[in-house]
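Take a look at the structure below.
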Amino acid sequence: MTVRRNIVKIVPGVPASDGAGVSLLRVIGSPLLDFVDPFLMLDEFRNDDPQAYVGGFPDHPHRGFETVSYMKKGRMRHRDSVGNEGVINDGGVQWMTAGRGIIHSEMPEQTHGTLWGYQLWVNLPATHKMTAPRYQDIQPDDIPEVSADGLTVRILAGDYSPPGQAARSGASQTIWPVGYLDVIAGPDTDFSHQIENGHNALVFVYEGSLAIGGEIIEPHQLAVLDQGGVLEAKAGSQGAGFLVMTGKPIGEPVAKMGPFVMNTEQELRQAVTDFRAGKFA
Ligand code: MN
């Protein structure tokens, strides 16, 4: 008998502002949903008004985790203190490992039209929090995409097995076992995804509607699923666009302060001291 994943709760995103006045929807890391191990934060920025996004995210530090930016529409330029620079647009991913410390900027490069993207923060285990910073810039054409039976699945990270086919691996190299899919499903289309038992699973709907176990997830809502079995979902009559995030829980204490995420308060204080002393790469 197939064990299916059920919804534990459905949480709406909360309007927020970050960087230099960028209007966004905070989905994880909000007053309603603090943290789903190993995911620390999920923001959606989606706006037609340049005034709501042109300020971007000027130079700021990170330590202890990874930031993952995925652009659906529009252009974002990354520059960092390690010397990396790259631009992604419609469909590209930037996977940045902050590790022991990095200073970077993430700036929209357009003056009109829609900017639509996501930033996901993936925690790192204690053994990897002080790893060397790394930056992966993945262009849209380099992301594996499977289209069949009314589904288009873009594999940003982790594995996905299309019905009746062998598993395919995502474009990003991850330190910790996480999966990240962008799925577009036609009207009344079924989607099935095998997720390792014990791993957390999250589904964020950005268009249409999606049913899991009889419960309906609407746009701007995140469904937190239980930890065992297959994800089986069905798009509504208007179809559905949604992100699927899966990850093995790290199971360590989390000490968070702004752009630093460590295991203890003492390590947070050290991060501030090191940053002020110019010790970030
Ligand atoms: Mn950042």
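With the Cα gyration tensor of segment 1-147 giving a ≥ b ≥ c as the square roots of its eigenvalues, does the rule (a/c under 1.5 for rounded; else a/b larger than b/c for prolate; else oblate) give rounded, prolate or oblate? It is rounded, given that a/c, with a ≥ b ≥ c, falls under 1.5.
When the surface is traced with a 1.4 Å probe over the full set of protein chains, PHE35 keeps roughly 60 Å² accessible.
Between GLY158, GLY19, GLY241, the Gaussian network model of the chain with springs among Cα atoms under 10 angstrom shows the greatest mean-square fluctuation at GLY19. Surface exposure of the chain, expressed per residue as accessible area with a 1.4 Å probe, stands at 42 Å².
For segment 92-121 versus segment 127-193, the inter-centroid distance based on Cα atoms is 18 Å. Phi-derived couplings, Karplus 6.51 cos²θ - 1.76 cosθ + 1.60 at θ = phi - 60°, listed residue by residue for segment 274-279: 5, 4, 5, 7, x, 8 Hz, with x used for Gly and Pro.
Of the residues SER209, ILE103, GLY229, the one whose Cα sits farthest towards the positive end of the charge dipole of the chain is ILE103 (charges of +1 on Lys and Arg Cβ, -1 on Asp and Glu Cβ, taken about the Cα centre). Of the residues LEU25, ILE184, GLY86, the one whose Cα sits farthest toward the positive end of the charge dipole of the chain, with +1 on the Cβ of Lys and Arg and -1 on the Cβ of Asp and Glu, is GLY86. Simple point charges give the picture: +1 on the Cβ of Lys and Arg, -1 on the Cβ of Asp and Glu, and for segment 142-281 a dipole about the Cα centre of about 580 debye. Here the relative contact order of the chain, from alpha carbon pairs under 8 Å that lie six or more residues apart, stands at 20 percent. In this Cβ point-charge picture (+1 for Lys and Arg, -1 for Asp and Glu), the chain has a dipole of about 640 debye about its Cα centre. Net charge of the neighbourhood of ARG46, taken over other residues with C-beta under 13 Å away and scored Lys/Arg +1, Asp/Glu -1, is -2. The residues packed around GLY86, meaning those with a beta-carbon under 15 Å from its beta-carbon, carry a net charge of -4 if Lys and Arg are +1 and Asp and Glu are -1. Exceedance of the 32 Å cut-off in Cα-Cα distance is limited, within the set LYS9/LYS279; LYS234/LYS256; LYS73/LYS248; LYS129/LYS234; LYS72/LYS279, to LYS9/LYS279; LYS234/LYS256; LYS129/LYS234; LYS72/LYS279. Surface composition of segment 7-247: carbon plus sulfur atoms hold 48% of the accessible area, using a 1.4 angstrom probe and ignoring ligands, DNA and RNA. Both the radius of gyration and Dmax for segment 1-84 are 15.7, 53 Å, in that order, over alpha-carbon atoms. Taken over the chain, the alpha-carbon convex hull comes to 123 cubic angstrom per residue.
The values are calculated or read from the model by the stated rules, or taken from the named source; none is laboratory data. In this text, all values refer to a predicted model and were calculated from it rather than measured experimentally. As a convention, Cβ positions derive from the backbone with ideal geometry for all residues, glycine included, and neighbour counts pool all protein chains shown. For accessibility, only protein heavy atoms count, side chains too; no ligands or nucleic acids. Shrake-Rupley method; radii C 1.70, N 1.55, O 1.52, S 1.80 Å.
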